[in-house]
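Undergrad: Okay, here's the structure, questions in a sec.
The values are calculated or read from the model by the stated rules, or taken from the named source; none is laboratory data. Computed from a predicted model, the values in this text were never measured in an experiment. Cβ placement follows ideal geometry from the backbone for every residue including glycine, while neighbour counts extend to all protein chains displayed.
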Protein chains: 2
Amino acid sequence: MTTDIIKNISKSPVTGKEYEIPLSLNDKKGIDDFLALNSGKKVVVVQGLGFVGSVMGLVVANALTEEYAVIGIDLPTPQSYWKIRSINEGVFPVIASDPKIEQYYQSALRKKNYYATYDNYAYSKADVIVVDINLDVQKKSDANKDPEDYHVDLMPFKKAIEAIGNNCKEDVLVLVETTVPPGTSQKIVRPILEECLQKRGLSTDKLKVGHSYERVMPGPKYIDSIQNFYRVFAGTDDKSADAVEKFLRTVIKTDEYPLTRLGNTNATEMAKVLENSFRAMNIAFMVEWSRFAEEAAVDIYEVVNAIRMRPTHKNIMLPGLGVGGYCLTKDPLLASWARMNLFGSGEKLGQSEKGVHINDKMPLYAFEYLQSQYNGPLEGKKILLLGVSYLNDVGDTRYTPVEGFYDQLEIEGCDITLHDPHVKYWEEKDIWVSQNLDELLDNGYDIVVITTGHKDYRNNESLINKIVNLPALFFYDTIGVLTNEEIQKLSKKHTVKVIGRGDL
Amino acid sequence: MTTDIIKNISKSPVTGKEYEIPLSLNDKKGIDDFLALNSGKKVVVVQGLGFVGSVMGLVVANALTEEYAVIGIDLPTPQSYWKIRSINEGVFPVIASDPKIEQYYQSALRKKNYYATYDNYAYSKADVIVVDINLDVQKKSDANKDPEDYHVDLMPFKKAIEAIGNNCKEDVLVLVETTVPPGTSQKIVRPILEECLQKRGLSTDKLKVGHSYERVMPGPKYIDSIQNFYRVFAGTDDKSADAVEKFLRTVIKTDEYPLTRLGNTNATEMAKVLENSFRAMNIAFMVEWSRFAEEAAVDIYEVVNAIRMRPTHKNIMLPGLGVGGYCLTKDPLLASWARMNLFGSGEKLGQSEKGVHINDKMPLYAFEYLQSQYNGPLEGKKILLLGVSYLNDVGDTRYTPVEGFYDQLEIEGCDITLHDPHVKYWEEKDIWVSQNLDELLDNGYDIVVITTGHKDYRNNESLINKIVNLPALFFYDTIGVLTNEEIQKLSKKHTVKVIGRGDL
């Protein structure tokens, strides 16, 4: 990222504004002033101001049955410092299509009950600390390399928990929302916090540690995915579970979306990674069936739609270019790692790991299919990619499968142009992305590829007509958004290929 | 089976009546007399009088918008001959909890429009022939042996199609309902029929061949699973597809359950095996998570119930003793076989095959878990198995996983007693099964195992109380039907173990 280049500068991709990271890291006055404005309110500190934490902070600042003073805390790094400043300066650091985001933020500004800081002093004031930091898996990014070669580094997570333990009150409730390897709250978070409290000469009897995973979906229902959705929770003991329940009831619409309390935190932690493994697995399962469909002149989309008419089969997935996002690409690995490393099992979760590896190879397959179907070498070909986000109708490029596909085209020496209605700047690649499709299409292309299933590319008659009028090209749908009529229309002039369809 | 012992006798398990199989296999007069009674009606011949064909015959005999003369045809073998006689003598050969079965059968008896025969002469009179015979996969039944060692023998299926081709009219519609390897209608059925017609000097132009798979569920909604359910169909050409559609519209409530027409028969054939592979795979997927749950002191049922609150995750499955029935145990293998053998792919459907193999090993795991948890050797122990059927609340023992579990106990030298409210006679093992649980429980047991999730074993307070009052025993739930309260109650006196729960 550009912000990495100058280490003491943090630049907001939202406003373009640059912030110098202070050398003296003391925000005691800022925190005290904020709390003075909010005296009498319970204090909730949200650790981590990413996609989940920053918005969780908003939701807590607009809790349903309680008025909280909310402090968001993150590290004073080039990646995060601007978020802290931005929240305090009146610009919310997440761009989202959900109008509730801005509405909740404006409400918090009026109430003056949402503050952001980098100073661990905040933990000492907290009644509740919500842990929303990332816990990543390092993979060998090249799908050709040994797919079992991945690494879970708990160090940054442990340090964050230590920062809490070294500062928190002895009766604090620490609620972990991070997706963690099952066993983490019980075997890692609680022991670290207890050790810190003991070192500080404090009691560990009143400490409460619980886990409740979020199901945040960035997009048009961002806020609702936190506030109006089912929650599963547990505590490391009954007292902790009770405290978590009490807190969640003030924040979430539990009358419409009842809470589910599980027996222990291993169970809630497992539920989250199991959920995501289920999805990842079901996509992987469809990958080999798509290959079979291509071989057997079958339209896999037609088949899946027919199968989905059965209520018991509604959740059958579809393949596509690949699987992206922060969860499905790593959660099965977190689980498998935990099984072996936290519970000492001799066996990994082999099928779930395999699912991730199959999905990781999908962009490579999509590229090789293009190579095999395109008449001639790809070198120097002008290629337009429609979509950079990993998810339909959302501007989210985290672990997008478009990256693997793009990289292969780049290796081949293609001349690549990018379009995405929801992505202006592709952070991971440091590339600007166009939003003006009409203008783009005025240039000629050898190959046009649908790489994300955005609405803009579905049933868009004027888009299809415009493409029909271009000189003959290779049109490649890696998602399966084209209808039969569109395929017929395009085929009159162009070569059309769709992943998972053998009968074009 | 007992009926196998004397080769020319076929015994009805429904009535106990024995029939001598005639040496002279000519039923021309019977067929002609039946058709004389039904003159003017279109003739539908249903090939195969098993779980699907016999009931499909009933449904066609009670079609919604057309009055058909229906002839069911099967082989004059000890296994099948009694079905033919039974249908003609007023006793329907399938025992089912669906009252509509008897109602439809009585209606057909009144209308005199359902006849059964073994004589291929019937095919010569047919306007429509519905193929409902089995197409089996031979597996090495021992799960310890090489799981990839399975065999698809198309010979019996091909012979059945030849019997049609050697007798049928040139403009007949042959509708394949059998679950077949994708490609079968196009690459096997149609070529065989055309060859037969050509040999008989007839035209192949008017022949219609289509595929539409049934989704029959034996049980309380047996008839509805044919007549009131979604259907997917296709033809080997447009004319065939039109003919299939026209026929299905007369039989199925298509206004409520619209038909889905796919592009070719490869697609419908693939849809069926894909549906079942999806289910089989999702069960297999949960197997390793259950093991993880046992290791991590997690209750997998609690976790899955929490996950199922999400509409996108409603179909997540649960593990148990294993997977049984005619479809999930073989359909993924049929598909994988087809991919390699009918479409020449170098790759099998590896994940789907693996799913079957994992599921096949579940009964063995359930046994090994018992062995590891039970204090002492199993030899000579008195064991009561609750449930023989593979499916809840249905008496269906085809490929029931209870068999693998039972076999292991037998090898150990256990003294096994069987109970199942829906199974009187376990055909595959030639064993009688008790229905009187109260009486059975008066005997003492060392071990009681829930092996099928019948309603009778769920939330049955008197059953639990009765078991609590027995001398201390080992209570083993392989399905996960016990509630927490029941576990607590039982645990006061007995040792309780549940597959997929580590925290008892």
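Undergrad: Tell me which residues, restricted to the range B:297-316, are surrounded by fewer than 24 Cβ atoms within 10 Å (Cβ to Cβ), in a loop (DSSP other than H, G, I, E, B) and facing chain A (nearest Cβ under 9 Å).
TA: If the condition is that a residue be surrounded by fewer than 24 Cβ atoms within 10 Å (Cβ to Cβ), in a loop (DSSP other than H, G, I, E, B) and facing chain A (nearest Cβ under 9 Å), then B:A297, B:M309, B:R310, B:K314, B:N315, B:I316 are the ones that fit.
Undergrad: Looking at A:S185, is it at pLDDT 95 or above, in a helix (DSSP H, G or I) and within 14 Å of chain B (Cβ to nearest Cβ)? Break it down into steps so the answer makes sense when it comes.
TA: Details: at pLDDT 95 or above: yes; in a helix (DSSP H, G or I): yes; within 14 Å of chain B (Cβ to nearest Cβ): yes.
Yes.
Undergrad: Still on this model: Quick one: is B:V273 in contact with a Leu (Cβ under 6 Å, 6 or more places away or on another chain), buried (at least 23 other Cβ atoms within 10 Å of the Cβ) and either facing chain A (nearest Cβ under 7 Å) or in contact (Cβ under 8 Å) with a residue 24 or more places away in the chain (or both)?
TA: On the way: in contact with a Leu (Cβ under 6 Å, 6 or more places away or on another chain): yes; buried (at least 23 other Cβ atoms within 10 Å of the Cβ): yes; either facing chain A (nearest Cβ under 7 Å) or in contact (Cβ under 8 Å) with a residue 24 or more places away in the chain (or both): yes.
Considered against the rule, which asks whether it is in contact with a Leu (Cβ under 6 Å, 6 or more places away or on another chain), buried (at least 23 other Cβ atoms within 10 Å of the Cβ) and either facing chain A (nearest Cβ under 7 Å) or in contact (Cβ under 8 Å) with a residue 24 or more places away in the chain (or both), B:V273 comes out as yes.
Undergrad: OK, next. Looking at the range A:479-502, can you tell me whether even one residue there is under 27 Å from the mean Cα position of the chain (by Cα) and surrounded by fewer than 19 Cβ atoms within 10 Å (Cβ to Cβ)?
TA: no
Undergrad: Would you check which residues across the range B:282-295 are over 16 Å from A:P332 (Cα atoms) and at the interface with chain A (Cβ under 8 Å from one of its Cβ atoms) and list them? Let's see the steps before the verdict.
TA: Step one: list which residues in the range B:282-295 are over 16 Å from A:P332 (Cα atoms), which gives B:283, B:294-295.
Hit for the range B:282-295 is B:E295, nothing else.
Undergrad: Related question: What number goes with the only condition from (1) within 14 Å of chain B (Cβ to nearest Cβ); (2) out of contact with any helix residue (DSSP H, G or I) (no Cβ under 9 Å at 6 or more places or on another chain); (3) under 19 Å from A:L364 (Cβ atoms) that A:V498 does not pass?
TA: (2)
Undergrad: Working carefully through the options B:A306, B:A335, B:A366, find the one that is modelled with pLDDT of 95 or more and more than 20 Å from B:T451 (Cβ to Cβ). Steps first, answer last, please.
TA: Details: B:A306 fails: modelled with pLDDT of 95 or more; B:A366 fails: more than 20 Å from B:T451 (Cβ to Cβ).
Being modelled with pLDDT of 95 or more and more than 20 Å from B:T451 (Cβ to Cβ) holds for just one of B:A306, B:A335, B:A366, which is B:A335.
Undergrad: In addition: Give the residue, chosen from A:K100, A:K159, that is more than 30 Å from A:V423 (Cβ to Cβ) and either without any contact (Cβ under 8 Å) to a residue 40 or more places away in the chain or not in a strand (DSSP E or B) (or both). Can you show your working first?
TA: Values: A:K100 fails: more than 30 Å from A:V423 (Cβ to Cβ).
When all the criteria are applied, what remains is A:K159.
Undergrad: Let me ask something else about it. Inside the range B:317-332, can you point out the residues that are in contact with a helix residue (DSSP H, G or I) (Cβ under 6 Å, 6 or more places away or on another chain), outside any helix (DSSP H, G or I) and touching a residue at least 60 places away in the same chain (Cβ under 8 Å)? Spell out the reasoning first.
TA: Residues of the range B:317-332 in contact with a helix residue (DSSP H, G or I) (Cβ under 6 Å, 6 or more places away or on another chain): B:317-319, B:321-323, B:327-328, B:331-332.
Subsequent filtering for residues that are outside any helix (DSSP H, G or I) retains B:317-319, B:321-323, B:327-328.
Matches in the range B:317-332: B:L318, B:P319, B:L321, B:G322, B:V323, B:C327.
Undergrad: Kindly indicate which of B:L364, B:L378, B:L385 is among the hydrophobic types (A, V, I, L, M, F, W, C) and more than 24 Å from the chain's Cα centre (by Cα). Write out each step before concluding.
TA: Working: B:L364 fails: more than 24 Å from the chain's Cα centre (by Cα); B:L385 fails: more than 24 Å from the chain's Cα centre (by Cα).
Only one candidate passes the filter, namely B:L378.
Undergrad: Let me ask something else. Being outside any helix (DSSP H, G or I) and more than 9 Å from chain B (Cβ to nearest Cβ) is the filter here; which residues of the range A:242-260 pass it?
TA: Our first condition is that a residue be outside any helix (DSSP H, G or I); within the range A:242-260, this holds for A:252-260.
Hits for the range A:242-260 are A:I252, A:K253, A:T254, A:D255, A:E256, A:L259.
Undergrad: Moving on to the next point. Quick one: A:G48 ticks every box in (1) crowded, with 23+ Cβ neighbours inside 10 Å; (2) among the small types (G, A, S); (3) under 22 Å from A:I9 (Cα atoms); (4) touching a Phe, Trp or Tyr at 6+ places or on another chain (Cβ under 9 Å) bar one, so which box is it?
TA: Against the list (1) crowded, with 23+ Cβ neighbours inside 10 Å; (2) among the small types (G, A, S); (3) under 22 Å from A:I9 (Cα atoms); (4) touching a Phe, Trp or Tyr at 6+ places or on another chain (Cβ under 9 Å), A:G48 comes up short only on (4).
Undergrad: Among the residues that make up the range A:130-150, is at least one of them surrounded by 20 or more Cβ atoms within 10 Å (Cβ to Cβ), of a type in the set (S, T, N, Q), within 22 Å of A:K11 (Cβ to Cβ) and under 21 Å from the mean Cα position of the chain (by Cα)?
TA: No, the range A:130-150 contains no residue that is surrounded by 20 or more Cβ atoms within 10 Å (Cβ to Cβ), of a type in the set (S, T, N, Q), within 22 Å of A:K11 (Cβ to Cβ) and under 21 Å from the mean Cα position of the chain (by Cα).
Undergrad: Which pairs turn up if I take residues in the range A:418-430 that are in the same structural domain as A:D407 (by TED's automatic domain parsing) and look for partners that are assigned to a loop (DSSP other than H, G, I, E, B) and among the hydroxyl-bearing types (S, T, Y) with beta carbon separation below 7 Å, at least 6 apart in sequence or on another chain?
TA: Note: pairs meeting the criteria are A:D420/A:S389; A:D420/A:T452; A:H422/A:S389; A:V423/A:S389; A:V423/A:T397; A:W426/A:T397; A:E427/A:T397; A:E428/A:T397.
Undergrad: Select from the range A:322-358 the residues that are polar (S, T, N, Q) and surrounded by fewer than 24 Cβ atoms within 10 Å (Cβ to Cβ) and write down the one among them that is nearest to the chain's Cα centre (by Cα).
TA: Of all residues in the range A:322-358, those polar (S, T, N, Q) come to A:329, A:336, A:341, A:345, A:351-352.
Those left that are additionally surrounded by fewer than 24 Cβ atoms within 10 Å (Cβ to Cβ): A:329, A:341, A:345.
Numbers: A:T329: 10, A:N341: 25, A:S345: 29 Å.
The selected residue is A:T329.
Undergrad: While we're here: Out of curiosity, is A:L384 within 23 Å of A:I467 (Cβ to Cβ), without any contact (Cβ under 8 Å) to a residue 60 or more places away in the chain and in contact with a Leu (Cβ under 7 Å, 6 or more places away or on another chain)? Give the derivation first.
TA: Working: within 23 Å of A:I467 (Cβ to Cβ): yes; without any contact (Cβ under 8 Å) to a residue 60 or more places away in the chain: no; in contact with a Leu (Cβ under 7 Å, 6 or more places away or on another chain): yes.
No: the conditions fail for A:L384.
Undergrad: B:H357 versus (1) at pLDDT below 95; (2) at the interface with chain A (Cβ under 9 Å from one of its Cβ atoms): which is the lone unmet condition?
TA: (2)
Undergrad: Of the numbered conditions (1) closer than 30 Å to B:F229 by Cα; (2) within 14 Å of chain B (Cβ to nearest Cβ), A:G320 satisfies every one except a single condition; which is it?
TA: So the condition that A:G320 fails would be (2).
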